[in-house]
Amino acid sequence: MRATSTLQSPAVKNTLDRLFQDAAAGDPAIIASLRDHPARNGAPTEAAAMSELMRNAYLPVPREVGQLLYILASGVRARTIVEFGTSFAISTTFLAAALRDNGGGKVIATELHPEKVKRARQNLADAGLADLVEIREGDARETLRDLEGPIDMVLLDGWKDLYLPVLQMLEPRLRPGALIAADNMSNKDLRPYADYLNDPQNGYVSVLLPLGDKVEVSCWVGRGDAG
Ligand SMILES: C[S@@+](CC[C@H](N)C(=O)[O-])C[C@H]1O[C@@H](n2cnc3c(N)ncnc32)[C@H](O)[C@@H]1O
């Protein structure tokens, strides 16, 4: 009998359980070891250098945020989803599971660290979802530049200073009603992003959800003549 949701299939469930366990076992020590690093104390650090420091850290969305991503992608019957910041593909797995249940589509994912790209591809293969994901290795500002629309949904979960430029780059290809989920909104570096999304002139209706480290969920309504 078919499971009600692909999230309940043994391959997806077992893969997510293993990845969340590995993240819980390893991430706290990595993050603690970097506590005094200049990059964690506000000093500007180039995206690639930061990714190298975090090469073994999962930094995943929590399970409830993963569930939210599945719900949003299912709710808008997404076919094309863009993900900025893939790491070991935990969030990607939730998004791809929704695509499977929507009848197909593609997550265009992007990750800067080559070793993480390899591990993410393996994890997606283990979950039986590799056919629904294209991982573009490199800097999102380059890898997502030539993307074809229309885009139904975007997840922003890379380094925080790039949420706004990456979203603005994708904006011309958002379809009306596209959903944007931005994780880690409690990070003060995301104030300019929140301000932009909450200014109605910019074409979004937006709300902050108290899940995990806080998630901003926004709907692209466009910059038409609001009268
Ligand atoms: C918070 S983690 C992503 C976690 C992932 N979404 C999950 O739930 O499993 C952020 C990831 O974004 C990647 N990243 C940061 N800046 C990037 C950029 N400019 N282009 C592509 N990837 C980037 C980092 O290497 C890191 O692996």
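Please treat every number below as a calculation from the coordinates, not as lab data. Given the structure is predicted, the values throughout are model-derived calculations rather than measurements. Neighbour counts are summed over all protein chains in view; Cβ atoms, including those assigned to glycine, are modelled from backbone coordinates with ideal geometry.
Worth pointing out:
- Under the Karplus curve 6.51 cos²θ - 1.76 cosθ + 1.60, θ = phi - 60°, whole-Hz ³J(HN,Hα) for the stretch 111-126, x wherever Gly or Pro sits: 8, 7, 8, x, 5, 5, 4, 4, 5, 4, 4, 5, 5, 5, 5, 4
- Note on the stretch 174-227: Cα convex hull, mean projected area over all directions, 3.7 nm².
- Rounded to the nearest Hz, the phi-derived 3J(HN,Hα) couplings of the stretch 57-66 under the Karplus curve 6.51 cos²θ - 1.76 cosθ + 1.60 (θ = phi - 60°) are 9, 6, 6, x, 5, x, 4, 5, 6, x, where x marks glycine and proline.
- Mean ellipticity per residue at 222 nm, deg cm²/dmol - from DSSP H runs of n ≥ 4 across the chain, formula -39500 (n - 2.57): -12000 deg cm²/dmol
- With kT/(6 pi eta Rh) evaluated at 10 °C and eta = 1.306 mPa s, and Rh the Kirkwood radius from Cα pairs, the stretch 83-187 diffuses with a coefficient of 115 µm²/s according to Stokes-Einstein.
- Potential extension, Glu64-Gln168 segment - 0.36 nm per residue separation minus Cα distance: 34.7 nm
- Arranged from fewest to most other beta-carbon atoms within 10 Å of their beta carbon, Tyr70, Tyr163, Tyr196 become Tyr196, Tyr70, Tyr163.
- Overall Cα dimensions of the stretch 21-126, principal axis frame, Å, largest first: 46, 25, 25
- Cα pair distances in the chain, grouped into 10 Å bins until the bin that holds the longest one, percent each: 8, 34, 39, 16, 3, 0
- Global geometry of the stretch 145-203, whether rounded, prolate or oblate, following the gyration tensor of its Cα atoms and the 1.5 cut on a/c: prolate
- Cross-link pairs beyond the 25 Å C-alpha cut-off, checked among Lys118/Lys214; Lys118/Lys188; Lys13/Lys188; Lys106/Lys188; Lys118/Lys160: Lys118/Lys214; Lys118/Lys188; Lys13/Lys188; Lys106/Lys188
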